[in-house]
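Enquirer: Before we start, here is the structure in question, set down as structure tokens.
Each reported figure results from applying straightforward, stated rules to the coordinates on display, with no laboratory input. Given the structure is predicted, the values throughout are model-derived calculations rather than measurements. Here the Cβ is made from the backbone with ideal geometry for all residues, glycine too, and neighbour counts use every protein chain on show.
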């Protein structure tokens, strides 16, 4: 069983995921990091989401940043999106994550702000500090 699933769209985003994982490790929360692209691995991504027992998903993506929205469209569990700075300083990814249609909510933290994604997940789980 995993409490938080950290999904990255490509291996190049692993350094962001490691910062998220560090905060979760420090809090003693079990997690896993998986590379599953919304564009390159849609079938595997959908299978993973449907079978995952994670309570919260953190989806890290740059460029078009479709990953958080695709995850949110396939689950009722909380999804936190982390936009990655690549093109346009990450503004393209931030807007892709923040501008989801009604009924497909994704929480969005700041560009490259992996640590806040983990802190938000902890609060959602009821184990984060409110100070």
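Enquirer: Within the group 26, 44, which residue is surrounded by fewer than 17 Cβ atoms within 10 Å (Cβ to Cβ), closer than 20 Å to residue 124 by Cβ, free of Cβ contacts under 8 Å to residues at least 40 places away in the same chain and out of contact with any strand residue (DSSP E or B) (no Cβ under 8 Å at 6 or more places or on another chain)?
Expert: 26
Enquirer: Being within 20 Å of residue 31 (Cα to Cα) and in contact with a strand residue (DSSP E or B) (Cβ under 7 Å, 6 or more places away or on another chain) is the filter here; which residues of the range 62-74 pass it?
Expert: The answer is 67, 68, 71, 72.
Enquirer: How about the range 91-108: which of its residues are free of Cβ contacts under 8 Å to residues at least 24 places away in the same chain, within 20 Å of residue 56 (Cβ to Cβ) and out of contact with any strand residue (DSSP E or B) (no Cβ under 6 Å at 6 or more places or on another chain)?
Expert: Matches in the range 91-108: 103 only.
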